[in-house]
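Below is one structure; the comments refer to it alone.
The values are calculated or read from the model by the stated rules, or taken from the named source; none is laboratory data. What you see is a predicted model; the values in this text were computed from it and never measured. We place every Cβ from the backbone using ideal geometry, glycine too, and count neighbours over all the protein chains shown.
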Amino acid sequence: MSDTAPAAPSAAPAPHGEGHHTNYVKIWGILVVLLVISVLGPMLEIRAVTLITAFGIALVKAYMVTKYFMHINLERRWIPYLMVTMIALMLVMVGGVAPDVLKHDGLRWENVAAKESVERGNAAGAAAQHGGGLGEHGAAPAGEHR
C-alpha cells in the first residue's frame, strides 16, 4: 500500500452543454409560429411573400434547430465549416441535375406523362380564356368535373 494521499480533484472542464440555459419551450413556440407563417404565406398568392415564407423562414428555422437543439454553436470550430461545405455541395448537386430533371425529353428518353400534363394544362387554360372552361362540345376537359 502506498502512503500517498489521493490526488485532489482537478478542475475538469464542464460536461458538454453545461453552463448555459436555453428555454426549449420558448424556442419550440417560435418554431411553431414560424411554421404557421410559412403555411399561411402562400395563401396570400403573392409570389414574393410565398418565396420569403417558403425559403426565408425555412432557413431561419434550420438555423434555430441547429443552434438550440443540435448545439452546433458549442461544437468545435470546424463543424460549421463542414456544414457550410455540405450545403454548398448539395447546391452543386441540385444545380447539376436540375437541367436534366426539368426537361421533358433527352437524347434517348422522353417523359410522356409530363408532356401530356403540360398539354392538358395549356388546353384547359386556352379553353378557360375562350369559352369559360368548357371543351369543344360544351363538356369539361378530360379529367375535370363540374
Exercise. Can you spot a residue in the stretch 77-84 that is of a type in the set (Lys, Arg), part of a loop (DSSP other than H, G, I, E, B), over 14 Å from the mean Cα position of the chain (by Cα) and modelled with pLDDT under 85?
Worked result: yes
Seminar exercise, completed: Taking the stretch 75-114 and keeping only residues that are among the small types (Gly, Ala, Ser) and farther than 22 Å from residue 62 by Cβ, one is left with 96, 106, 113, 114
Exercise. What single numbered condition from (1) touching a helix residue (DSSP H, G or I) at 6+ places or on another chain (Cβ under 7 Å); (2) among the β-branched types (Val, Ile, Thr); (3) under 30 Å from residue 114 (Cα atoms) fails to hold for residue 60?
Worked result: (3)
